[in-house]
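K.L.:
Questions regarding the structure given below will be posed in turn.
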Amino acid sequence: MRATTIAGVARTGAGRGYSGHMEGMRTPTPNRLARETSPYLRQHADNPVDWHPWDEEALALARRTGKPILLSVGYSACHWCHVMAHESFEDAETAAVMNELFVNVKVDREERPDIDRVYQTAHQLLAQRPGGWPLTVFLDPEDQRPFFAGTYFPKEPRYGMPAFRELIARVRGWFDEHRDEVRQQGERLQEVLGRLEPPAGQRGPLSDAPLGEARARLAREFDGQFGGFGDAPKFPQPAVLERLLRHWRSTALGNEPDTQALYIVSLTFVRMAEGGLQDHVGGGFFRYSVDRFWRIPHFEKMLYDNGPLLALYSQAHLATGEPLFAQAAEDCADWLLADMRSPEGGFYASRDADSEGEEGKYYVWTPEAIAALVSPEEYRVLAQRYDLAGRPNFEGKWHLAAREPLAETAKALSLDEEEARALLRRAYARLLDARRQRVPPGRDEKQLASWNALAVRGLAIAGSVLRREDLLEAAAAAADFIHQRMLRDGRLLASYKDGSARFPAYLDDHAFLLDALLELLQVRWDSGRLAFAIGLADALLEHFQDAENGGFWFTADDHEPLIHRPKPLGDESMPSGNGIAARALQRLGFLL
């Protein structure tokens, strides 16, 4: 639904606009966000914007003053969030307009996925296009219903978008002059949000027909040349790959194994591991590829990607015996333990895409810099495999993405493949030592229960497949960290930072952690962890289940009420909490 009364706000001069009064210039420095634990919120603590976190103080201020809320949602590893912050939120004149016209609220989407989920959906309904980050939403102060939404807006008009300062003045003017329309649209939006939830399921015999339909559709979307699905930008989609791997396994037990399903997974994993999505020097996987070929990534590293990919590469190695998959899993696990593990045993959330104000600067090279660090024999292999004599592939420099399989590199240089691999591994170690002397991308050191659960599951599976006790120890330590530090009065909390846990946990926290504990129990039995798993399952059923219509709500029954309580079923960047809950509860039921 797109309200025609709002569609032209960004393009017209309607409304009173900004009066020029500078009462908002005297903003506390640092602002309220300095008291928060979120690294993302603290990045904005010195902005001249009079930011509030999402809390009752901010909502009450909006109701009392009648000022609409300017809600800005992002996360610390988000490149365009940084761009908008530098352009607009650090600009005193823009901040003065924001402070006069709005109550300004900053939200870390990783701490508050409930808020992000609701307003991303609202954005899609209002703007009729997908959302993203930074998310910029304008809310009615009386009921927090949105009346205008967008994502990134530039400081000056470009990319076909208006200047942010001009836009917000027009939005406020339109809000003041069309209050009845704002209320009516809010009511319609609320109705549409309610209709988005799936209808009650029909009880009856289950069949595998939906799985067959999913398998056929994925085959149609598969990129048979470069792996993955669709065109650029290309995401790893671990939930999709896991479904195909499970599909192959189920058919492999019969007389007609679905070898194409395994081929789809295998080709995708080869292209991802050899291309630029994998960090060849330091291990782990970046967020997504900006091209179809997996060559150049968006350089964020997210825990929620690497946990599932660690599990899947290990399982794919088990299915195929492919050494490349085992090596990718080993490298991913080593990166998690070396760079993302906290002293308390949990895992940090992410590494930023940017360092020193430039995306990818930490990861790229010049041939001259590489040659100065490695031996001539090592350089020959690197240059052949990564085409260092060719054209640079990222802003005048080289991001390491293999142009050929290692066997072809070895053949071209008259080397044994194992000898070529050994030379590469030695070269990677030298490059990693040198890279550690650079200014690293920022690390978001909050520890999220759901993302840690994905890492626990990945480490448990990888430790079993690769026969590495250190990975099993790390999985157990992370599970115990959550148990010991992220429970309050028997209830799970979602986020941990600086010695304290905050925010009531969501569906994903409970479901992912239950699933991870069951994987860990398979390789390392512990009665205390079984009791923890049972408690999580009980909480799921007591506080999240829709007993009347089936499924689980994203938030608990005693959670802060928002304008909508979603019941998400689809896999997104992370697997569906409802799907994982169904699987984990079945497994726990059989176990008990």
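The values are calculated or read from the model by the stated rules, or taken from the named source; none is laboratory data. Worth saying up front: this structure is predicted, and the values here are computed from it rather than measured. Heads up, the Cβs are rebuilt from the backbone with ideal geometry, glycines too, and the neighbour counts pull from every protein chain shown. The area values use the complete protein model at the heavy-atom level, side chains included, leaving out ligands, DNA and RNA. Shrake-Rupley method; radii C 1.70, N 1.55, O 1.52, S 1.80 Å.
K.L.:
Tell me which residues, restricted to region 180-206, are open to solvent by 100 Å² or more (accessible area, probe 1.4 Å), over 19 Å from PHE138 (Cα atoms) and in contact (Cβ under 8 Å) with a residue 24 or more places away in the chain.
P.N.:
Passing the criteria: only PRO199.
K.L.:
Give region 536-550 a look and list any residue that's assigned to a loop (DSSP other than H, G, I, E, B) and open to solvent by 30 Å² or more (accessible area, probe 1.4 Å), or say none.
P.N.:
At the first step, the residues of region 536-550 found to be assigned to a loop (DSSP other than H, G, I, E, B) are 546-550.
Matches in region 536-550: ALA547, GLU548, ASN549, GLY550.
K.L.:
With respect to ILE580, is the statement that it is under 11 Å from HIS510 (Cα atoms) and not aromatic (Phe, Trp, Tyr) true? So that I can check it myself, show each step before the final result.
P.N.:
Values: under 11 Å from HIS510 (Cα atoms): yes; not aromatic (Phe, Trp, Tyr): yes.
Judged against the criteria, ILE580 is a match.
K.L.:
Residue check, SER414 against (1) surrounded by fewer than 19 Cβ atoms within 10 Å (Cβ to Cβ); (2) touching a helix residue (DSSP H, G or I) at 6+ places or on another chain (Cβ under 8 Å), all met but one. Which one?
P.N.:
Among (1) surrounded by fewer than 19 Cβ atoms within 10 Å (Cβ to Cβ); (2) touching a helix residue (DSSP H, G or I) at 6+ places or on another chain (Cβ under 8 Å), SER414 violates only (2).
K.L.:
For the list (1) under 24 Å from the mean Cα position of the chain (by Cα); (2) of a type in the set (Asp, Glu); (3) open to solvent by 10 Å² or more (accessible area, probe 1.4 Å); (4) more than 22 Å from HIS298 (Cα to Cα), I need the number of the one condition that GLU110 fails.
P.N.:
(4)
K.L.:
Please tell me if ALA427 is under 24 Å from GLY275 (Cβ atoms), touching a helix residue (DSSP H, G or I) at 6+ places or on another chain (Cβ under 6 Å) and either surrounded by fewer than 16 Cβ atoms within 10 Å (Cβ to Cβ) or in contact (Cβ under 8 Å) with a residue 60 or more places away in the chain (or both).
P.N.:
On the way: under 24 Å from GLY275 (Cβ atoms): yes; touching a helix residue (DSSP H, G or I) at 6+ places or on another chain (Cβ under 6 Å): yes; either surrounded by fewer than 16 Cβ atoms within 10 Å (Cβ to Cβ) or in contact (Cβ under 8 Å) with a residue 60 or more places away in the chain (or both): no.
It is false that ALA427 is under 24 Å from GLY275 (Cβ atoms), touching a helix residue (DSSP H, G or I) at 6+ places or on another chain (Cβ under 6 Å) and either surrounded by fewer than 16 Cβ atoms within 10 Å (Cβ to Cβ) or in contact (Cβ under 8 Å) with a residue 60 or more places away in the chain (or both).
K.L.:
Just to be sure, is PRO198 within 26 Å of the chain's Cα centre (by Cα) and at pLDDT below 95? Don't jump to the end; show me each part of the working.
P.N.:
Details: within 26 Å of the chain's Cα centre (by Cα): yes; at pLDDT below 95: yes.
Answer is yes for this residue.
K.L.:
Evaluate the following for ASP470: is it surrounded by fewer than 18 Cβ atoms within 10 Å (Cβ to Cβ), more than 22 Å from PRO297 (Cβ to Cβ), of a type outside the set (Lys, Arg) and under 30 Å from the mean Cα position of the chain (by Cα)? Break it down into steps so the answer makes sense when it comes.
P.N.:
Working: surrounded by fewer than 18 Cβ atoms within 10 Å (Cβ to Cβ): yes; more than 22 Å from PRO297 (Cβ to Cβ): yes; of a type outside the set (Lys, Arg): yes; under 30 Å from the mean Cα position of the chain (by Cα): yes.
Against the criterion (surrounded by fewer than 18 Cβ atoms within 10 Å (Cβ to Cβ), more than 22 Å from PRO297 (Cβ to Cβ), of a type outside the set (Lys, Arg) and under 30 Å from the mean Cα position of the chain (by Cα)), ASP470 qualifies.
K.L.:
I want to confirm something. Restricting to region 146-163 and keeping residues that are crowded, with 20+ Cβ neighbours inside 10 Å and under 26 Å from the mean Cα position of the chain (by Cα), which single residue is nearest to LEU59 (Cα to Cα)?
P.N.:
PRO146
K.L.:
On to the next question. Given the options HIS44, HIS52, HIS21, name the one that is at pLDDT 95 or above and assigned to a loop (DSSP other than H, G, I, E, B). Steps first, answer last, please.
P.N.:
Details: HIS52 fails: assigned to a loop (DSSP other than H, G, I, E, B); HIS21 fails: at pLDDT 95 or above.
Sole residue among the options that is at pLDDT 95 or above and assigned to a loop (DSSP other than H, G, I, E, B): HIS44.
K.L.:
Quick one: which helices (runs of 4 or more DSSP H) sit completely within region 238-342 and have at least 3 residues that are out of contact with any Asp or Glu (no Cβ under 7 Å at 6 or more places or on another chain), closer than 30 Å to ASP208 by Cα and open to solvent by 10 Å² or more (accessible area, probe 1.4 Å)? Full working, then the answer.
P.N.:
Details: elements: 238-252, 259-274, 303-320, 323-339.
Output list reads 238-252, 259-274, 303-320.
Residue-wise test of (1) of a type in the set (D, E, K, R); (2) in a loop (DSSP other than H, G, I, E, B).
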{"position": "GLY132", "(1), (2)": "no, yes"}
{"position": "VAL137", "(1), (2)": "no, no"}
{"position": "ARG170", "(1), (2)": "yes, no"}
{"position": "TRP174", "(1), (2)": "no, no"}
{"position": "ARG183", "(1), (2)": "yes, no"}
{"position": "ARG188", "(1), (2)": "yes, no"}
{"position": "GLU197", "(1), (2)": "yes, yes"}
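K.L.:
Suppose the filter is buried (at least 19 other Cβ atoms within 10 Å of the Cβ) and touching a residue at least 24 places away in the same chain (Cβ under 8 Å); does ASP508 pass it?
P.N.:
Numbers: buried (at least 19 other Cβ atoms within 10 Å of the Cβ): yes; touching a residue at least 24 places away in the same chain (Cβ under 8 Å): yes.
Criteria met by ASP508.
K.L.:
Can we say ARG220 is surrounded by fewer than 19 Cβ atoms within 10 Å (Cβ to Cβ) and modelled with pLDDT of 95 or more? Steps first, answer last, please.
P.N.:
Numbers: surrounded by fewer than 19 Cβ atoms within 10 Å (Cβ to Cβ): yes; modelled with pLDDT of 95 or more: yes.
Taking the combined requirement at face value, the residue satisfies it.
K.L.:
Looking at region 561-579, which of its residues are under 25 Å from GLU300 (Cα atoms) and part of a helix (DSSP H, G or I)?
P.N.:
Across region 561-579, the qualifying residue is only GLY577.
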